[in-house]
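What follows is a set of notes on a single structure, which appears directly below.
The values are calculated or read from the model by the stated rules, or taken from the named source; none is laboratory data. Since we're looking at a predicted model, the values are computed, not measured. All Cβ positions, glycine included, derive from the backbone under ideal geometry; neighbour counts span all protein chains shown.
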Amino acid sequence: MMRSLYSGVTGLRNHQTRMDVIGNNIANVNTVGYKASRVIFQDIYSQTLRPASGPSGADSGGTNPLQIGLGMTLATIDVLHTRSAAQYTGAPLDLSIEGDGYFGVSNGGKVNFTRAGNFYTDVDNNLVNSNGYFVQGFEVNTDGTLVLDVGGDPILTNINIDPDYYDVTINKNGGIVGLEKATNAKHVLGQMVLTSFVNQSGLEKVGQNMYRNTVNSGDPIYSVPGSGGTGQLNPGTLEMSNVDLANEFTDMIVTQRGFQANSRIITTTDQMLEELVNLKR
């Protein structure tokens, strides 16, 4: 059977995958904190019909290898962790990150990570995201300093906002500040944290605007916003999707044409095989 037939099949299959990724990007053009993905192709191994040879003295020169490619496959599906614009909302608990870093949110003790900063307080005054996951912060003393463990490291905890305080705001460094109802005195109620990774491209999407760390992303590194390689916070704003519609529609056209070209390979190869079968009538 002709190699081109199977090469065309690999092209069809993988261009369909690329169209799936493009469709998902476009569907999430207005998803808060969404990061677009892209598909990279690579060729499959080639069949060697004749290996390369070196020169044989003064009689003849060397020859190059003679190879036929056997199609293409996926190299990777990358997540583009590029920054995008922030949208002003005015909500005091809405946050976007001006730079690198992720919010940590805990569900049943397991921490996932997100760029979506649309946070709320639940009936128990815990700071949560839209899925009810607890937003993570550092435990603080009454004077606003961080509580340290025996090893001198800050203690990660769920953020709870004391109902005895009002006009609660979050500043650019992640400090949660409120006014005491009884005295109108200003107090630090908690400390937001941001998370960084050695290789953020190694994070795995788990849905609901969240990621989890993998063996290739490295362990999470928790820091106060503005330190440890993380950005500061922009209170009252939300990060928009980084999907570029112009780029996505251009990629859609290129992908469609690639799919059509690979379809033509299959139909043309089929016509050649038909001619071969019809040699003897």
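Worth pointing out:
- Scanning the stretch 98-147 for residues that are among the aliphatic types (A, V, I, L, M) and over 28 Å from T214 (Cα atoms) yields V123, V140, L146, V147.
- Of all residues in the stretch 61-92, those that are in a strand (DSSP E or B) and among the charged types (D, E, K, R) total 1.
- Of the residues in the stretch 41-61, not one is crowded, with 16+ Cβ neighbours inside 10 Å, out of contact with any helix residue (DSSP H, G or I) (no Cβ under 9 Å at 6 or more places or on another chain) and either of a type in the set (D, E, K, R) or outside the structural domain of K205 (by TED's automatic domain parsing) (or both).
- Pick from the stretch 133-176, criterion at pLDDT 90 or above, over 19 Å from L93 (Cβ atoms) and of a type in the set (A, V, I, L, M, F, W, C), ranking: surrounded by the most Cβ atoms within 10 Å (Cβ to Cβ): L156
- Subset of the stretch 32-60 [among the polar types (S, T, N, Q) and either in contact with a strand residue (DSSP E or B) (Cβ under 8 Å, 6 or more places away or on another chain) or not in a strand (DSSP E or B) (or both)]: S37, Q42, S46, Q47, T48, S53
- Test for A27: is it surrounded by 17 or more Cβ atoms within 10 Å (Cβ to Cβ) and either of a type in the set (D, E) or assigned by TED's automatic domain parsing to the domain that holds D251 (or both): no
Residue by residue, here is whether (1) of a type outside the set (A, V, I, L, M, F, W, C); (2) out of contact with any strand residue (DSSP E or B) (no Cβ under 7 Å at 6 or more places or on another chain); (3) under 14 Å from Y102 (Cβ atoms) holds:
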{"position": "N184", "(1), (2), (3)": "yes, yes, no"}
{"position": "V206", "(1), (2), (3)": "no, no, yes"}
{"position": "Y211", "(1), (2), (3)": "yes, no, yes"}
{"position": "F249", "(1), (2), (3)": "no, yes, no"}
{"position": "S263", "(1), (2), (3)": "yes, yes, no"}
{"position": "Q271", "(1), (2), (3)": "yes, yes, no"}
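- Qualifying residue in the stretch 209-216 (condition: modelled with pLDDT of 95 or more, in a loop (DSSP other than H, G, I, E, B) and surrounded by 15 or more Cβ atoms within 10 Å (Cβ to Cβ)): yes
- Considering residues of the stretch 101-110 that are at pLDDT 95 or above and closer than 20 Å to S227 by Cβ only, the residue nearest to the chain's Cα centre (by Cα): Y102
- Exactly one residue out of G174, G178, G152 is assigned by TED's automatic domain parsing to the domain that holds A116, farther than 23 Å from T31 by Cα, in contact with a Ser or Thr (Cβ under 9 Å, 6 or more places away or on another chain) and among the small types (G, A, S), and it is G178.
- The set of residues in the stretch 133-169 being under 21 Å from V123 (Cα atoms) and among the aliphatic types (A, V, I, L, M) consists of V135, I159, I161, V168.
- Test set (1) touching a residue at least 60 places away in the same chain (Cβ under 8 Å); (2) not assigned by TED's automatic domain parsing to the domain that holds Y133 - Q200 fails condition number: (2)
- Residue within the stretch 147-163 that is in contact with a Phe, Trp or Tyr (Cβ under 6 Å, 6 or more places away or on another chain) and within 30 Å of T76 (Cα to Cα) present: no
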